[in-house]
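K.L.:
Let me give you the structure first, and then I'll get to my questions.
The values are calculated or read from the model by the stated rules, or taken from the named source; none is laboratory data. All values reported here derive from a predicted model rather than from experimental measurement. Cβ placement follows ideal geometry from the backbone for every residue including glycine, while neighbour counts extend to all protein chains displayed.
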Amino acid sequence: MSAGPLEEAGLAGPSNIRAALGRTKKAHTLINAVKKFQTDNSIKNNSVSSALKMLDMIGVKRADCYDQMISSMSEKVVGQIKEIGKDQDNVKSKKLLEKQLNKSFKTYKLPQFRPAVLEALTQMDELPQSYIDKIVADPELYADVSIKVKRQIWIQQEDLFVEAVKPVIAAYIAAKRAVLCSIDPCPTNFFSSETTKSRRQFEHVQELMHMFGKYPMLYEKMSDLIREAYRLTADPLYCSLKLEVIMAAHECTTEHSGRDACLSDPCHSLAWVLDICLRDKHIEPAQIARIKNLFESMKRMSHEKVGDLAMVTADPHVVHFLCTMAIKLLRDHRHIPREQGGFVLIIRLLTLGSYAHHIVSCDSLPPQMVEVIFFTKFLPAFGCLIAEDVMRLELAKHEKLETAEAMDLYSEPNDAITVFLKYLKTKKPYYSFFRDTFHGNKVPVFSPCNIHRSDMAAALLWIHYVADLMPRRGLELRGLLRFMRLLPILKEQTACRSPWSHLFMHRILTACQSARACAVERVRVETLVNDPELIAIVIDQMFLAHLKIDLYLKYQLLRLVNQTHRSLHPNISQAIMEHIAPGSIGDCADIDRYTFEYDRATEKLHPKTEEVVMPPPKLLTQGSRKLMTSMTPMTPMRVEMTPAHNFDY
């Protein structure tokens, strides 16, 4: 036990005994002074006194004895403080805690007494300001106090809260991005690697939820930080974080939990409904009605709250679910899309999510979420292409795919589709281009902002339909390519951005595995990954041409080479590796990680070889020596060292 903190706590220390010994030089008086100091500062207990005499006889130091006793007593005191804290509704218990804290707080610098002080601070529901000031003034004490105590400090000093929250948010984003950087074979993709329950139980999500606790003020501040990070980066992972924190707080059942803080947030209702839909993979009529009511209430919300709602719908998992549901409705239902209430709601949610960054970044709200032309022009044309695929699939089941009628079911996307999907580079305003495209029909004049968002919803539907075609058995390359040709030119190169590029590459690899596993397939894996047009679309036009717009595209190319290097043409593999070599892509923030993954893929593509020379025998008999001299010199044996897991996926 150090002397400084002991004397600061008002207890006798080296200074006291030094002063007592300095009053006299007589040996008898000095001995009496030492004995008096021991008597005054010893533990007053009869059983302890008798035990100390026995321990003195066997040579045990008093300091060791006292340290052990204080440690044991401290544990008992901590246990008693916890019991008192459970009954804080009792005025007597509350006063006992205050009294205990008042007497013990000055000893917090002493390691033996520190646990009791920290526990007393934790059990206090409302700390007096004097204690808060002292905790903030001592960085070591601030670091040791519980999260419950820190919340009371953060309410008064938001800068400390921001300082504590930012590293946790950054750690969450880094952990999620690691999934996008993996090049190893995996049966799941970014969207199927976690369930809705496991997402909200993610360690960083739970930590953030405990940090704001029952205080709405801290919850709002955390929401502001997530919103600001999304505004600066446009990374949809921040939208995922917002939804997951809300649902983690929603499911917390402990007293004074984070659920109390987020119940007043309008995002809570929307996140709850969407989470149920994600879990059940279906939208019930009751959930449709609830979401419609939320859309109606948006008119009375502030700009900031509308931005938060848009962020919830921009969560990639929500977007993936909505697009999957929309494609299913278009493929399986015979009704006109605009006559399906659930389908219209899905499109409105998709469009709201595509507006998220615009709403968060600007002070203006969109005048209308979805224009009529999206339902009257794009969806009917898109639905016709889907119907052709369904008809060809049915004809293939009856072995009539080669008939003349079936050969007519390969329509190319018309202007109504291309206008919505294509990244237009025209000097004409959008409204003029639309009017010219539809040959003077009575088409309303639309603002560029609205058309832009309709493009994004159309692009997302297009990407998901192509991804839906990929893993099917009996895959037709001709039918697939007519959709894939438009992928590189989608609005804002959506197909080339994460996590959609990760999903797309996963489906390509899954299709390759399906073709390899089946004895008879319409499209072999070699045909799929070596078709000149498909290679030009996926590798050249989508990935290599847009390496600078997304940090993770280079990892998707490494995945392709790493998992299909035996099927992919060697020249193609080599060309890809040369183009995405660490020295060829310029500086990037993750250069160390990328170099490591690149070296792994290179080693698999070009296994190392080692020369093994067999040494001559050390002891030779006369007969064997004659035999050795008559033999030709031994040539070095080349043994190819192949990694243990170098098998074909």
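K.L.:
Here is a check on your reading of the model: is Q152 under 18 Å from K221 (Cβ atoms), surrounded by 12 or more Cβ atoms within 10 Å (Cβ to Cβ) and not hydrophobic (A, V, I, L, M, F, W, C)?
P.N.:
For Q152, the condition - under 18 Å from K221 (Cβ atoms), surrounded by 12 or more Cβ atoms within 10 Å (Cβ to Cβ) and not hydrophobic (A, V, I, L, M, F, W, C) - is met.
K.L.:
Let me ask another. Among the numbered criteria (1) over 23 Å from R199 (Cβ atoms); (2) at pLDDT 95 or above, which single criterion is violated by A164?
P.N.:
Result: A164 fails condition (1) only.
K.L.:
What number of residues in segment 403-429 are at pLDDT 65 or above and in a loop (DSSP other than H, G, I, E, B)?
P.N.:
Summing the residues that are at pLDDT 65 or above and in a loop (DSSP other than H, G, I, E, B) in segment 403-429 gives 7.
K.L.:
Quick check on this structure: which one of L97, L180 is outside the structural domain of H502 (by TED's automatic domain parsing), among the aliphatic types (A, V, I, L, M) and farther than 26 Å from H320 by Cβ? Full working, then the answer.
P.N.:
Numbers: L180 fails: farther than 26 Å from H320 by Cβ.
Within the list L97, L180, the selection yields L97.
K.L.:
Now, a different point. Across segment 182-205, what is the number of residues that are assigned to a helix (DSSP H, G or I), within 26 Å of R593 (Cβ to Cβ) and touching a residue at least 60 places away in the same chain (Cβ under 8 Å)? Steps first, please.
P.N.:
Let us first name the residues in segment 182-205 that are assigned to a helix (DSSP H, G or I), namely 196-200, 203-205.
Next, only the ones that are within 26 Å of R593 (Cβ to Cβ) stay: 198-199, 203-205.
Cutting the leftovers down to touching a residue at least 60 places away in the same chain (Cβ under 8 Å) gives us 199.
So the count comes out to 1.
K.L.:
Taking only segment 206-225 into account, find how many residues are surrounded by fewer than 20 Cβ atoms within 10 Å (Cβ to Cβ) and assigned to a helix (DSSP H, G or I). Quick ask: steps written out before the conclusion?
P.N.:
So in segment 206-225, the residues surrounded by fewer than 20 Cβ atoms within 10 Å (Cβ to Cβ) come out as 206-207, 210, 214-217, 220-221, 224-225.
Restricting the remaining residues to those that are assigned to a helix (DSSP H, G or I) gives 206-207, 210, 216-217, 220-221, 224-225.
The qualifying residues number 9.
K.L.:
Next question, about the same structure. Can you pull out every residue in segment 273-293 that is in contact (Cβ under 8 Å) with a residue 24 or more places away in the chain and surrounded by 18 or more Cβ atoms within 10 Å (Cβ to Cβ)?
P.N.:
L274, D275, C277, L278, I283, I291
K.L.:
Give me the helices (runs of 4 or more DSSP H) completely within segment 465-561, filtered to those with at least 2 residues that are surrounded by fewer than 22 Cβ atoms within 10 Å (Cβ to Cβ) and modelled with pLDDT under 80, ordered by residue number. Steps first, answer last, please.
P.N.:
Working: elements: 477-484, 500-517, 525-530, 532-535.
So the answer is 500-517, 525-530.
K.L.:
Moving on. Which condition from (1) of a type in the set (A, V, I, L, M); (2) within 14 Å of the chain's Cα centre (by Cα); (3) within 22 Å of K148 (Cα to Cα) is the one that A178 breaks?
P.N.:
(3)
K.L.:
Ok, one more. Looking at segment 359-396 only, could you name the residues that are at pLDDT below 75 and loosely packed, with under 14 Cβ neighbours inside 10 Å?
P.N.:
Result: P367, Q368.
K.L.:
When only residues in segment 566-593 that are in contact (Cβ under 8 Å) with a residue 60 or more places away in the chain and closer than 25 Å to A536 by Cβ count, which is surrounded by the fewest Cβ atoms within 10 Å (Cβ to Cβ)? Talk me through it step by step, then tell me what you get.
P.N.:
Filtering segment 566-593 for residues in contact (Cβ under 8 Å) with a residue 60 or more places away in the chain gives 566-567, 590, 593.
Subset that is closer than 25 Å to A536 by Cβ: 566-567.
Values: R566: 16, S567: 19.
It comes out as R566.
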